[in-house]
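Data block below; observations after.
The values are calculated or read from the model by the stated rules, or taken from the named source; none is laboratory data. Just so you know, these numbers come straight off a predicted model, no measurement behind them. Ideal geometry is used to build each Cβ from the backbone, glycine not excepted, and the neighbour counts take in all protein chains shown. Side chains are part of the model used for accessible areas, which takes the heavy atoms of the whole protein and leaves out ligands, DNA and RNA. Shrake-Rupley method; radii C 1.70, N 1.55, O 1.52, S 1.80 Å.
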Amino acid sequence: MLQYSGFLLVVLVFLGCKAPNNAITESSSSTKPSKAYQEQIENMEQGIYFRAMGIEPEWSLKISSNQIEFTSLLPDFKAFNAPHIEPIRAMDANVKNYRLTTEMGSLQITIQQQTCTNTMSGKELPYTVRVEVINSKTNKSATFSGCGYYVIDARLHDIWVLEKMNGENVSLNKFDKQLPYIEINSTDGTFMGYAGCNRMNGKLFFEKGLLRFTNITTTEMACGSQNRESELLHSLQSSTSYNVANMRLTLTNPSGIELVFKKVD
């Protein structure tokens with residue numbers, strides 16, 4: 001859960017930024033992290049970057065940087081663990097295939113970017129998942145279907161004020177009233193903020209090693225001719241990769257466009 005404090009307000013003023021409109025309201029809320037955020041932290045600590053689950057029969061899948069774990073309630077397919085491998089990617093769609101062989105048998109995992117409704121919770125998840133398993137000891141096979149999601153990096157869950165744009169330090173004279181900032185909510189994959197002239201909000205598209213800012217909408221205030229909001233929005237929409245280090249979030253793409261934000265809370 002994002003938290004605001006007197007310290008944050010002081011820092012924002014120092015950086016030339018106004019606190020978000022809901023700063024006072026949020027500061028009075030509980031300081032206990034949400035369950036979703038705690039789960040993100042736990043997944044990160046275990047290196048898990050993708051999770052999936054299904055019912056009839058109930059099963060689960062965890063893909064981490066070290067291994068791939070599949071479990072189910074069926075006696076012949078209770079547990080299949082294997083070292084992590086890179087998936088085979090389809091050329092014309094966001095589809096990934098993992099093909100594994102273990103002492104217990106073989107697995108073929110197909111992850112497709114397609115909205116899927118989790119029948120246990122009713123929640124919509126962004127990926128459909130199919131797992132085909134063969135138990136080599138019993139020669140039995142089974143197919144499991146369900147929904148999955150990539151675990152968003154919990155380190156993104158913060159307020160970030162723009163520090164550099166395309167290698168150049170930014171200053172207030174190129175924006176209106178305050179420096180641009182983004183407030184990322186990693187638990188629901190959304191963001192909001194100030195683009196330098198207008199308020200903005202949108203969604204995150206996140207996969208392992210990939211971060212994109214999508215569905216960006218802004219208010220429609222007229223901006224001065226020297227205002228660099230359009231440049232910022234273009235760079236934000238063009239970013240595909242990120243790095244979090246030394247209290248800074250760096251966004252880049254293959255063309256080298258770069259935004260550097262500084263953490264402020």
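Values computed for the structure shown
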quantity	calculated
Residue check, Ser34 open to solvent by less than 40 Å² (accessible area, probe 1.4 Å) and more than 17 Å from Thr110 (Cα to Cα)	yes
Filter pass, Thr115 being among the β-branched types (Val, Ile, Thr), free of Cβ contacts under 8 Å to residues at least 24 places away in the same chain and loosely packed, with under 15 Cβ neighbours inside 10 Å	yes
Qualifying residues in region 152-200 (those that are touching a helix residue (DSSP H, G or I) at 6+ places or on another chain (Cβ under 6 Å) and small (Gly, Ala, Ser)) - the one farthest from Asn227 (Cα to Cα)	Ala154
Matching entry among Gly146, Gly196 (being within 24 Å of Ala36 (Cβ to Cβ) and surrounded by 18 or more Cβ atoms within 10 Å (Cβ to Cβ))	Gly146
Residue match in region 235-250 (condition: surrounded by fewer than 12 Cβ atoms within 10 Å (Cβ to Cβ) and free of Cβ contacts under 8 Å to residues at least 12 places away in the same chain)	yes
Check on Ala90, over 15 Å from Ala52 (Cα atoms) and surrounded by fewer than 16 Cβ atoms within 10 Å (Cβ to Cβ)	yes
All strands (runs of 3 or more DSSP E) inside region 89-190 with 2 or more residues being basic (Lys, Arg) and at pLDDT 95 or above	95-101
